[in-house]
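The next block holds one structure in the form of structure tokens; read it before the comments.
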Amino acid sequence: MTDRDPVTPDDDADALAAEFVLGVLPMSERVIAAARAKADPAFGARVVAWENRLAQINDGFEPIPAPNVLTAIEARLFPKAAKPKRGLRWGFLGGALSAALLAVVVMISDTGPQTGPMLTATLTEAAQPLSFAARFDQDAKTLTLIRTAGTPPAAGQDLQLWVIGAEGTPSSLGLVRDAEITVSAPMLAAGLILAVSLEPEGGSPTGLPTGPVLMTGVLTEG
Amino acid sequence: MSDDRVADLIVAVSASDRAAFREVYAATSSKLFGTLLRILGTRSEAEDALQEVYTRLWLNARRFDPAKGAGMTWLIAVARNHAIDRLRARPDARMSDDEDALDNVADDAPGAENRLLALGDARRIVDCFGTLEPDRALAIKAAYLQGRSYQALAERFDVPVNTMRTWLRRSLLKLRECMDA
């Protein structure tokens, strides 16, 4: 090795991939490197190669019995008791069947004259400067999302809002480009999870989150 | 079925298999909790992070490619990424703890390396760390195991951030050369 910095483009990209995997970059550079790993397959392959090389240090992480958070995680991912109005128990139904019924059940409950309470969610993440408040108007079937802290992402990136369905499948509710947005969201119900992910400009090209999920929140009555 | 049970389970989770999700939690949560606690430092934050990591596993399992690496390697990468995102987004409140924490890495190193030595695979990285200057090998381990930033490492070793970055980038490429040889 010479005393000079690596100068070939390959070494430069590989050193950046290593820095990203190691985790030493400041947040601004880290977010850009994470986006590049998703968007640029060659760089993504470098990241995986470094994950595999450095995985040999993983024995330095000693296993410690985890608190049992499985129940809480499952309650978050698989809400089932949240729509008791018609006494249906979606949780007992199979995956695809349940998803297909979701639309039907929502339509049925639409026919009632009920005026539901407002559903709200707070989307935060301990480590995230960004936070959002969400409010779902059950009569108008519209969701309003308000940015309560933080700033929009850098040029070339968009925030995208998702609802995580009863089977854990995310559906896009649109891009979050303003401090306040209102979207039509007939599928929402109490107990469902809202999530905001960081995506390339224009939103996820795949229809599913491709960037990091920055924060999540659960829709609750009140 | 492969001989990587965790990889098989993650693939099943990507097909929305809830039983596989429970099984992968049972098989891996201790390791991931140990990883998160080591980096984040408090049980309460590690517990929050653990929930988030398994939520991401459910949502993102389809991104796992068993041809590219082991299941446990991928899960630990997801956990480390999330823990480090949390650290980098923190105000600098915990900076003052860094020195103690880094000393702990130094103290831990023999134990950790003995564990590494017990595995054939890890022998190569232990040998390759031996080719680096000891301070720089220690800095890489502190970054990996405890999520130390360039800023924190520069303060600990009392050099400018850019110098630390140049050292570490060079050392990482040297490590790569040794490991890929």
(message) Roughly how far apart, in whole Å, are the Cα centres of segment B:153-176 and segment A:14-56?
(response) 17 Å
(message) For the pair A:D11/A:D40, report the inter-label distance in nm, with labels modelled 7 Å from Cα in the Cβ direction.
(response) 1.8 nm
(message) Can you work out the Karplus-derived ³J(HN,Hα) for every residue in segment B:157-170? Use 6.51 cos²θ - 1.76 cosθ + 1.60 with θ = phi - 60°, whole Hz, and x for glycine or proline.
(response) 8, 6, 10, x, 4, 5, 5, 4, 5, 4, 4, 5, 4, 5
(message) Taking each residue in B:167-178, count the Cβ atoms of any other chain within 10 Å of its Cβ, then average. What number comes out?
(response) 5
(message) Using Cβ counts within 10 Å as a stand-in for footprinting exposure, how do A:I164, A:I181, B:I84 rank, fewest first?
(response) A:I181, A:I164, B:I84
(request) Determine, for B:C178, B:C128, the number of other Cβ atoms within 10 Å of each Cβ, and report the residues in order from fewest to most. (result) B:C178, B:C128
(request) Give the long-range amide H neighbours of A:L214: residues separated by 5 or more places, or on another chain, with amide H under 5 Å away, using H modelled in the peptide plane at 1.01 Å from N. (result) A:V196, A:S197, A:L198
(message) What is the sum of charges, Lys and Arg at +1 and Asp and Glu at -1, for the other residues whose Cβ falls under 15 Å from the Cβ of A:L175?
(response) -3
(request) Mind sorting B:R148, B:R18 by how few other Cβ atoms lie within 10 Å of their own Cβ, fewest first? (result) B:R18, B:R148
(request) Quick one: which residues, 5+ away or cross-chain, put their amide H under 5 Å from the amide H of A:A66? H built at 1.01 Å from N. (result) B:S30
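Every read-out reported here was derived from the displayed coordinates using simple, explicitly stated rules and does not represent laboratory data. Treat the numbers as computed from the prediction; the structure is a model and nothing was measured. Here Cβ is always computed from backbone atoms with ideal geometry, including for glycine, and neighbour counts include all displayed protein chains.
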